[in-house]
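**Q** Okay, here's the structure, questions in a sec.
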Amino acid sequence: MNIFRLLGDLSHLLAIIILLLKIWNSRSCAGISGRSQFLFAIVFTARYLDLFFTFISLYNTVMKIVFLATSYGTLYLMYIKFKATYDSNHDTFRIEFLILPAIALALLINEEFTVIEILWTFSIYLESVAILPQLFMVSKTGEAESITSHYLFALGSYRALYILNWIYRWFLTEKLNAIAIVAGIVQTILYCDFFYLYLTKVLKGKKLQLPA
């Protein structure tokens, strides 16, 4: 554990809390991509299957349970409780174009050819692009509510902080997880335009608008 890992986890947790509060308080899923949330649920399921037979620390276990529970809780809110408010007409990104390449890459490029390691690697690859349906949806509608923008900013910050976490760990142990770093860089790059618009517009009280 280090400060970058802790801040990354807190940023990730903050993003989830913002999303859940947005849905629950407004009683609406408007502006939220169910396809991105479905991909995140796949990511956490594949990554945290070791929860049943590997114990690292209480903190690690609790965080895994929280991320799994909130992921499936979000899907419940979007596809069952507030289904009538879900904008499926704009949430049309073809997620199979993300899932299948992630599977192929995990089978071809991994650190160890075991089931758990391949699932972990698959989750890393998929997470790097899981936000694309959400960004595509925002781009398609042309704008995003401030609360959705805060969610995206916190989520992007989480992965950027995790890159610093891996670099910091490399300086301490000289062990570099190239897969996690490259995937994290790809994910952070996807957020670059959004970060710029967020800092120049949303924080000044203006509504975020993205080019279609």
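The values are calculated or read from the model by the stated rules, or taken from the named source; none is laboratory data. Note that the coordinates shown come from a computational prediction; the quantities given were computed from them, not determined experimentally. Here the Cβ is made from the backbone with ideal geometry for all residues, glycine too, and neighbour counts use every protein chain on show. These accessible areas exclude ligands, DNA and RNA; they are computed on the full protein's heavy atoms, side chains included. Shrake-Rupley method; radii C 1.70, N 1.55, O 1.52, S 1.80 Å.
**Q** Could you tell me whether any residue of segment 172-185 is among the hydrophobic types (A, V, I, L, M, F, W, C), buried (at least 22 other Cβ atoms within 10 Å of the Cβ) and more than 18 Å from Y48 (Cβ to Cβ)?
**A** No, there is no match, as no residue in segment 172-185 is among the hydrophobic types (A, V, I, L, M, F, W, C), buried (at least 22 other Cβ atoms within 10 Å of the Cβ) and more than 18 Å from Y48 (Cβ to Cβ).
**Q** Could you tell me which numbered condition P101 fails, if it satisfies all but one of (1) at pLDDT 90 or above; (2) within 18 Å of the chain's Cα centre (by Cα); (3) under 16 Å from R35 (Cα atoms)?
**A** Against the list (1) at pLDDT 90 or above; (2) within 18 Å of the chain's Cα centre (by Cα); (3) under 16 Å from R35 (Cα atoms), P101 comes up short only on (3).
**Q** Are there any pairs, at least 6 apart or on different chains, whose C-beta atoms fall under 6 Å, with the first in segment 34-62 and charged (D, E, K, R) and the second surrounded by 14 or more Cβ atoms within 10 Å (Cβ to Cβ), and if so, which?
**A** If the second residue must be surrounded by 14 or more Cβ atoms within 10 Å (Cβ to Cβ), the pairs left are R35/D91; R35/F93; R35/I95; R35/P133; R47/W120; R47/S123; D50/I116.
**Q** Let me ask something else. For S11, state whether it is assigned to a loop (DSSP other than H, G, I, E, B) and more than 21 Å from I179 (Cα to Cα).
**A** no
**Q** Yes or no: segment 150-170 includes at least one residue that is open to solvent by 20 Å² or more (accessible area, probe 1.4 Å), among the polar types (S, T, N, Q), at pLDDT 85 or above and under 14 Å from G8 (Cβ atoms).
**A** Yes.
**Q** How many residues does segment 68-115 hold that are open to solvent by 60 Å² or more (accessible area, probe 1.4 Å), of a type in the set (S, T, Y) and assigned to a helix (DSSP H, G or I)?
**A** Residues in segment 68-115 being open to solvent by 60 Å² or more (accessible area, probe 1.4 Å), of a type in the set (S, T, Y) and assigned to a helix (DSSP H, G or I): 3 in total.
**Q** Listed residues R47, R27; which is basic (K, R), surrounded by fewer than 16 Cβ atoms within 10 Å (Cβ to Cβ) and in contact with a Phe, Trp or Tyr (Cβ under 8 Å, 6 or more places away or on another chain)?
**A** Sole residue among the options that is basic (K, R), surrounded by fewer than 16 Cβ atoms within 10 Å (Cβ to Cβ) and in contact with a Phe, Trp or Tyr (Cβ under 8 Å, 6 or more places away or on another chain): R27.
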